[in-house]
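Chemist: Have a look at this one before I ask anything.
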């Protein structure tokens with residue numbers, strides 16, 4: 001529910017609406033949203049706002065996009081920058097920030113947010129120079145590398161956020177306060193952090209999706225089955241382990257004999273540890289870094305509801321070091337991934353099962369989006385109050 005509808009926002013490259021949903025929860029009225037993916041637009045229209053348009057921002061005229069709004073949001077596609085992709089410097093999507101800058105110069109909002117992967121830093125200097133040039137130094141802005149697990153999200157998600165405000169609106173760039181100050185160390189779980197187990201276990205057992213090509217609505221607790229080659233390897237990887245957990249003699253031929261170090265060993269088939277924050281939810285369902293395998297846990301029904309019981313690896317490891325899980329490994333379900341991204345359970349995604357995963361993986365986690373937009377709203381509301389007080393003071397003088 002909106003806290004204050006006096007503030008307005010527009011979303012660019014809005015996808016299924018994670019960033020915009022957070023803005024709405026923070027009190028912004030969404031007066032426009034734009035994305036060229038028709039499937040994401042349908043999801044957005046059903047769950048976030050009717051004010052959404054299927055539009056290719058890279059080439060379309062943006063003159064019809066509303067002006068005089070308080071906040072501009074956007075996350076240009078990141079495939080050319082992402083560490084999970086080919087990192088192609090010639091990828092045309094690497095320049096979509098230029099479309100964002102063009103709309104920003106047209107709208108001239110009081111504040112703006114741009115989200116991307118860390119690889120966007122390669123183009124950040126060009127981006128900042130373009131903003132200064134287009135906006136005549138009207139804005140102050142800065143970037144931060146954010147791990148969203150420090151903001152109530154049960155997931156390690158490292159992203160870059162650029163936040164800017166007009167100089168006539170604020171004296172500093174607003175940022176939300178983390179649960180605790182950020183630190184480096186993914187195995188530490190201080191008080192206030194949300195583990196994968198606590199976020200997901202009440203959902204109970206998931207089932208395999210029966211028809212991956214069937215397009216429709218929903219947020220099902222269904223997973224995409226593993227391909228046979230991956231299903232043969234996955235049972236030999238314990239919670240928190242990776243392909244390097246498997247004894248050398250049992251590895252596929254192309255992995256045998258590799259040096260087992262962080263540098264010399266790819267972290268393929270990394271399984272999450274349910275007692276920690278989840279791994280990054282990604283858009284693709286590939287066989288390596290982007291693939292998220294469910295941990296070896298058994299869903300057990302209790303009087304209090306479903307709980308996860310963790311399989312003890314030492315109880316299923318042979319003398320030669322080969323572990324074999326008694327629990328069939330699987331990918332995380334659509335609903336589990338949506339939970340890890342902070343979408344409410346009644347948020348319905350449109351498309352096939354892989355298309356739903358793509359939308360969820362491309363989104364900004366809703367709890368962080370709300371925290372960030374709330375900090376911006378507090379600044380903008382303070383500016384509005386200050387303007388009214390000054391106007392009142394001038395009127396009585």
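Chemist: I'd like the distance separating the alpha-carbon centroids of region 105-139 and region 364-381, in whole Å.
Modeler: 18 Å
Chemist: Nearest 10 degrees is fine. How inclined is helix 38-47 to the longest principal axis of the chain, computing both from alpha carbons?
Modeler: Taking Cα atoms only, the helix is inclined about 80 degrees.
Chemist: Restricting to DSSP H runs of at least four residues, report the calculated mean residue ellipticity at 222 nm for the chain, -39500 (n - 2.57) per run over all residues, nearest 500 deg cm²/dmol.
Modeler: Details: 9 runs with 104 residues, N = 397.
After summing the helix terms and dividing by the residues of the chain, the value is -8000 deg cm²/dmol.
Chemist: Run the numbers on region 295-348 and let me know its relative contact order in percent, using alpha-carbon pairs under 8 Å that are six or more apart.
Modeler: Here the relative contact order equals 25 percent.
Chemist: Which whole-percent values make up P(r) of region 158-288 when all C-alpha to C-alpha distances are grouped in 10 Å steps starting at zero?
Modeler: 9, 27, 29, 22, 10, 3, 0
Chemist: Note down the relative contact order for region 196-359 as a percent, whole number, built from C-alpha pairs under 8 angstrom at least six residues apart.
Modeler: On the way: 284 pairs, mean separation 58.4, N = 164.
Over region 196-359, the number comes to 36 percent.
Chemist: Can you tell me the orientation of helix 121-135 relative to the chain, as the angle in degrees between its alpha-carbon axis and the longest Cα principal axis, to the nearest 10?
Modeler: Roughly 10 degrees, rounded to the nearest 10.
Chemist: What percent does the relative contact order of the chain come to when contacts are Cα pairs within less than 8 Å and at least six residues apart? Don't skip to the answer; put the middle values down first.
Modeler: Working: 795 pairs, mean separation 74.2, N = 397.
Over the chain, the number comes to 19 percent.
Chemist: Follow-up question, since we're still on this one. Would you please put 304-313, 184-193 in order of how densely packed they are, using the mean number of other Cβ atoms within 10 angstrom per residue and starting with the highest? Write down the numbers at each step before the final one.
Modeler: Values: 304-313: 14.2, 184-193: 10.2.
Highest mean packing first, the order is 304-313, 184-193.
Chemist: Zone of residue 179 (label point 7 Å along Cα→Cβ, backbone N under 18 Å): which residues in region 321-340?
Modeler: Output list for this probe position: 337-340.
Chemist: Could you check which residue among 357, 236, 316 shows the biggest mean-square fluctuation in a GNM of the chain with a 10 Å Cα cutoff?
Modeler: The residue that fluctuates most here is 316.
Chemist: Using a 10 Å cut-off on Cβ atoms, rank the peptides 240-252, 210-222 from the highest mean neighbour count down.
Modeler: On the way: 240-252: 16.5, 210-222: 13.9.
Per-residue mean Cβ counts within 10 Å order the peptides as 240-252, 210-222.
Chemist: Then there is this: In the chain, what is the volume of the convex hull around the alpha carbon atoms, normalised per residue and reported in Å³? Don't skip to the end; give the middle numbers.
Modeler: Values: hull volume 65.7 nm³, N = 397.
That works out to 165 Å³ per residue.
Chemist: Mind pulling the angle between the C-alpha long axis of helix 366-396 and the longest principal axis of the chain? Nearest 10 degrees, somewhere in 0 to 90.
Modeler: Its long axis makes an angle of about 10 degrees.
Chemist: If you restrict to DSSP beta bridges whose two residues both lie in the chain, what percentage is antiparallel, to the nearest 5?
Modeler: On the way: 26 of 45 bridges.
Around 60 percent of the beta bridges assigned by DSSP in the chain are antiparallel ones.
Chemist: What full-extension length gain, to one decimal in nm, is calculated for residue 268 and residue 144 as 0.36 nm per residue of separation minus the Cα-Cα distance?
Modeler: Working: separation 124, 0.36 × 124 = 44.64 nm, distance 2.83 nm.
Roughly 41.8 nm would be gained on extension.
Chemist: Given a 10 angstrom Cα cut-off, can you work out which residue in 176, 253, 354 is the most mobile in a GNM of the chain?
Modeler: 253
Chemist: Also: Mean projection of the alpha-carbon convex hull of region 119-227 over all orientations, in nm²?
Modeler: Working: hull surface 47.6 nm².
With every direction weighted equally, the projected area is 11.9 nm².
Chemist: Quick one: grab Rg to one decimal and Dmax as a whole number for region 196-359, Cα atoms only, in Å.
Modeler: Here Rg and the maximum Cα pair distance are 16.3, 49 Å.
Read-outs: derived from the displayed coordinates by stated rules, not from any lab. Only a predicted model underlies this, so the values are computations on that prediction, with no experimental measurement involved. All Cβ positions, even for glycine, are placed from backbone atoms using ideal geometry, and neighbour counts span all protein chains on display.
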